[in-house]
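The values are calculated or read from the model by the stated rules, or taken from the named source; none is laboratory data. For clarity, every value in this text was computed on a predicted model and none was experimentally measured. We place every Cβ from the backbone using ideal geometry, glycine too, and count neighbours over all the protein chains shown.
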Amino acid sequence: MAYDIEGRLLEVCTCNVLCPCWIGEDPDGGTCESALAWRIDSGSIEGVDVAGLTLALSVHIPGNVLTPKSWKAAVFVDERANMEKATLAAAQYLKNPPAATFRMIVSPLVSWIWIGALIVVAGALIAIWPPPEARRAVVPVALRPRLDREPTHA
């Protein structure tokens, strides 16, 4: 499989400051839970242009990263990618690391994330809205007798 791509990598995991998985050591705590994302700025895979796409993984590695058939991962492919691009990107990733169990999700219901955000904002507005008794003006007792008198005109 031929590829030539340039981009950026974001990797976060449950290891301490420096992830020992990058050099083939056992992860801190024995298990690595990781999120990886690649932003492809330019390039192609098998002659198919994949510039501007993003590929993300949520990974569970129970032990050493080099242990065959130990990874479990969910692969998220940019919703702008057609099935050919998605398959090529995932296949290229699968070519080099040890065998793993993967689940590919194309266009992972991004609209539901926005709907959830709107529900959270609506809930926050309801929570901070003052109750009816707080919105009423309270007249101090000392001023009530003055309100009952007729106004005098000079």
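Can you find, within region 35-77, the residue that is nearest to the chain's Cα centre (by Cα) among those that are on the phi > 0 side of the Ramachandran plot and of a type in the set (D, E, K, R)? Working first, answer last.
To start, the set of residues in region 35-77 that are on the phi > 0 side of the Ramachandran plot comprises 43, 46-47, 52, 63, 69.
Within this subset, residues satisfying the condition of being of a type in the set (D, E, K, R) are 46, 69.
Details: E46: 29, K69: 26 Å.
Per the stated criteria, the residue is K69.
Of the residues S44, S111, which is at pLDDT below 85, in contact with a Phe, Trp or Tyr (Cβ under 8 Å, 6 or more places away or on another chain) and either among the hydroxyl-bearing types (S, T, Y) or loosely packed, with under 13 Cβ neighbours inside 10 Å (or both)?
Working: S111 fails: in contact with a Phe, Trp or Tyr (Cβ under 8 Å, 6 or more places away or on another chain).
From the options S44, S111, the qualifying one is S44.
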Requested in this report: Give the residue that is farthest from G7 (Cα to Cα), with candidates limited to residues of region 47-59 that are of a type in the set (A, V, I, L, M) and buried (at least 17 other Cβ atoms within 10 Å of the Cβ).
Outcome: V59
Query raised in the report: Given (1) closer than 19 Å to D4 by Cα; (2) modelled with pLDDT under 80, where does R39 come up short, assuming only one miss?
Result: (2)
Query raised in the report: Would a scan of region 17-32 turn up a residue that is closer than 21 Å to F76 by Cα and assigned by TED's automatic domain parsing to the domain that holds A81?
Result: yes
